[in-house]
Amino acid sequence: MNIKASPHAGVRGPADHSIRDQILLAADEHFSYYGYGKTTVSDLAKAIGFSKAYIYKFFDSKQAIGEAICHKCLSSLLDKVREALGEGSAAADGLRILFTTIAAGSTDLFFSDRRLYDIVIYSTGEKWPSSQEYERQVRELLKNILRQGRETGEFETRTPLDDQCRSIFLAMESFVNPLLLQHKLDGIPAAIDDLIKLVLRSLTP
């Protein structure tokens, strides 16, 4: 996975630095093989050939390194969602695309790189900024779709938009939250389709 550091808490030094990228690549390999919990900063330092103190010039903790990797992973998933949404789609189609793309991408990660998925789960459970920002952006995408549906007359406008968005997110959260999704891998497409049909009926003008 091509990893570049992104600005968030715990990152130190110049914004663009090849050493930081080397640290992230080594961390990604170690986390994927040994898991986040069993990898130490000393392990990463040994793999790269630098001292632990030198790594701390770029990240103030192992969590900061995990944050950067988690941020990259979740941002990549959101990029896929935005690409799938495209332009000109009806709002009802947008709802389906939003949740099916997220669930499919998360499921692919679960089966292709379980150790990395575990970092995302850990991030979600510990409420790291990376996972909270991911949820915020999913909510924002949902709100934009609902707003579009209201403007085109596809969706009812009696319910306050924020209430509508919050209720739908709660109904679909088990397919958005990686911590919950891991327990619902069987029958995901059919379950999402059933829920989306129910949601769309509630949105009928």
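Quick note: the coordinates plus some simple rules give every number you see, no bench work behind them. Here the structure is a predicted model, which is why all the values come from computation and not from measurement. As a convention, Cβ positions derive from the backbone with ideal geometry for all residues, glycine included, and neighbour counts pool all protein chains shown.
Entry note, the range 17-60: relative contact order of 37 percent, from Cα contacts under 8 Å with a spacing of 6+ residues.
For PHE59, nonlocal amide neighbours, meaning residues 5 or more places apart or on other chains whose placed amide H falls under 5 Å from its own, are ARG12. Rounded to the nearest 0.05, the FRET efficiency derived from the C-beta distance between ASP162 and ASP21 at R0 = 41 Å is 0.55. Axis of helix 18-34 versus longest Cα principal axis of the chain: the two differ by about 80°, to the nearest ten degrees. Could you work out the relative contact order of the chain, using alpha carbon pairs under 8 angstrom and six or more residues apart, expressed as a whole percent? This gives 21 percent for the chain. Ranking LEU181, ILE23, ILE69 by how far each Cα lies toward the positive end of the dipole of the chain (charges on Cβ) leaves ILE23 at the top. Across the range 91-107, computed HN-Hα scalar couplings (Karplus, 6.51 cos²θ - 1.76 cosθ + 1.60, θ = phi - 60°) run 4, 4, 5, x, 4, 4, 4, 3, 7, 6, 5, 4, 5, 5, x, 5, 5 Hz from first to last residue, x flagging Gly and Pro. Taking the helices alone, the chain has a mean residue ellipticity at 222 nm of -23500 deg cm²/dmol, built from -39,500 (n - 2.57) per DSSP H run of at least 4 residues and averaged over all its residues.
In a simple Cβ point-charge model (Lys, Arg +1; Asp, Glu -1; nothing else charged), the chain has a dipole of about 480 debye relative to its Cα centre. For the chain, the longest principal axis of the alpha carbon atoms and the long axis of helix 62-85 meet at an angle near 30°.
Note on LYS80 and GLU173: the extension gain reaches 31.6 nm, defined as 0.36 nm multiplied by sequence separation minus the Cα-Cα distance.
By how many degrees, between 0 and 90 and to the nearest 10, does the Cα long axis of helix 161-176 differ from the longest principal axis of the chain? That helix lies at roughly 60 degrees to the long axis.
Structure note, pairs LYS62/LYS184; LYS46/LYS80; LYS52/LYS127; LYS72/LYS127; LYS62/LYS143; LYS80/LYS184: Cα-Cα distances above 23 angstrom occur for LYS62/LYS184; LYS46/LYS80; LYS52/LYS127; LYS62/LYS143.
For the chain, the alpha carbon positions stretch 63, 35, 26 Å along the principal axes, listed from largest to smallest.
With the convex hull drawn around the C-alpha atoms of the range 89-205, the volume per residue stands at 92 Å³.
For the pair GLU29 and GLN137, the difference between a 0.36 nm per residue extended length and the Cα-Cα distance amounts to 36.1 nm.
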